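Since the structure comes first, as structure tokens, the remarks are kept for the end.
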């Protein structure tokens, strides 16, 4: 793979594309800031999606569309073909390479997303996660179209919805599982651009299951009805049982109580109380086993409270609502896709850190599609906070890495 990356770096068209990325670095940064300033809460990404679709058409991708889920799609069909900004051509027949970045942010509609520049730093909610990924996605596409890079396989450039939190990877699930206009087979490789950075190569998908758990009972006056099964007690018992679960380090597997609540007043036993759970693991079997263990602990918490209730009073009921289900798995480190990323890092003078995270790459990995997630260069901090920032330190190198990995998978040259 080192030889392939070396050959790509010497390829006339790749060299031209690299020069294009370096020459337009400030334009990419300006696009990053302007995209970040368009609100895109999970579930309300339409305005930002429309702007990305415009950019896809402006730079010359073909078959640009917004699908039923809200994902933006644009194609580079090979042989140096340059589109006219949206004209419909015959769908490529070969299995494509997908380069993707998510549209949504963790911030609600009430959070201002204005971007400020302070010296070399851009500050604003979502400026890195994932305005940087989106700007890099456009930059790679523009460089490949402008320099007419001849790819043996078509490339699908995709901006996805619903990657964050409650979105539960909805966009990429639709992209890969749902009905699409393109008639070609499943992708041979999937590369997600997510946030900043240059060292990390995410090839292990951190899966999760997220539950909203509700205990319901008769409730009543805190003095007069004392002794009835108390949902708040059940929540407390459940939290204690879950906190005492043995932790598993290999593979690392976790269960966290992340929110809880219930009740209506200081002198009332609540009719319902609830807690939210986040279960995670890199291993599908470990996550499935944890799921069974957690469900048993919740049932035990309810049973323990019911055993203590006043005889003849109604028992508690428990309800589980699945809020999120992100699959886990991995693309083996020996796979050519992972090795291409490692070799690209090496060729650009940086070490590669093979690691895990929860990204759009989770879904293709679970479907048997080789997938990784990469940062798009630069440095960032305060992710998921209103004080999020980005500095364009070697930012172009992150985009060049994405170019090299995409070109390797698309069989350039």
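The values are calculated or read from the model by the stated rules, or taken from the named source; none is laboratory data. Note that this is a predicted model, so its numbers are computed, not measured. Cβ coordinates were reconstructed from backbone atoms using ideal geometry, including for glycine residues, and neighbour counts include every protein chain displayed.
State whether the residues of the stretch 281-288 include one that is surrounded by fewer than 16 Cβ atoms within 10 Å (Cβ to Cβ), closer than 22 Å to residue 367 by Cβ and without any contact (Cβ under 8 Å) to a residue 12 or more places away in the chain. Yes.
Strands (runs of 3 or more DSSP E) fully within the stretch 167-243 that include at least 1 residues being touching a residue at least 60 places away in the same chain (Cβ under 8 Å) and farther than 24 Å from residue 260 by Cα: 189-193, 200-205. On the given criteria, is residue 29 within 27 Å of residue 114 (Cα to Cα) and surrounded by 15 or more Cβ atoms within 10 Å (Cβ to Cβ)? The answer is yes for residue 29. Checking the stretch 30-37 against the condition returns no match, with no residue being out of contact with any helix residue (DSSP H, G or I) (no Cβ under 9 Å at 6 or more places or on another chain) and part of a helix (DSSP H, G or I).
When only residues in the stretch 252-279 that are out of contact with any strand residue (DSSP E or B) (no Cβ under 6 Å at 6 or more places or on another chain) and surrounded by 13 or more Cβ atoms within 10 Å (Cβ to Cβ) count, which is nearest to residue 220 (Cα to Cα)? Looking at the filtered set, the residue picked out is 268.
From the list 51, 18, the lone residue that is more than 19 Å from residue 398 (Cβ to Cβ), touching a helix residue (DSSP H, G or I) at 6+ places or on another chain (Cβ under 7 Å) and surrounded by 17 or more Cβ atoms within 10 Å (Cβ to Cβ) is 51.
You will find that of 168, 194, the residue that is crowded, with 24+ Cβ neighbours inside 10 Å, more than 20 Å from residue 62 (Cα to Cα) and modelled with pLDDT of 95 or more is 194 and no other.
All of 148, 153 fail the test of being under 24 Å from residue 400 (Cα atoms) and touching a strand residue (DSSP E or B) at 6+ places or on another chain (Cβ under 8 Å), apart from 153.
Of all the numbered requirements in (1) surrounded by 14 or more Cβ atoms within 10 Å (Cβ to Cβ); (2) within 20 Å of the chain's Cα centre (by Cα), residue 242 misses one, and that requirement is (2).
Checked against (1) at pLDDT 95 or above; (2) surrounded by 14 or more Cβ atoms within 10 Å (Cβ to Cβ); (3) within 27 Å of the chain's Cα centre (by Cα), residue 248 passes all but condition (1). Out of all the residues in the stretch 118-135, which are outside any loop (DSSP other than H, G, I, E, B) and over 14 Å from residue 105 (Cα atoms)? Listed by number, the residues that qualify are 118, 121, 122, 123, 135.
Among the candidates 43, 86, 74, the residue that is at pLDDT 95 or above, more than 25 Å from residue 396 (Cα to Cα) and not in a helix (DSSP H, G or I) is uniquely 43.
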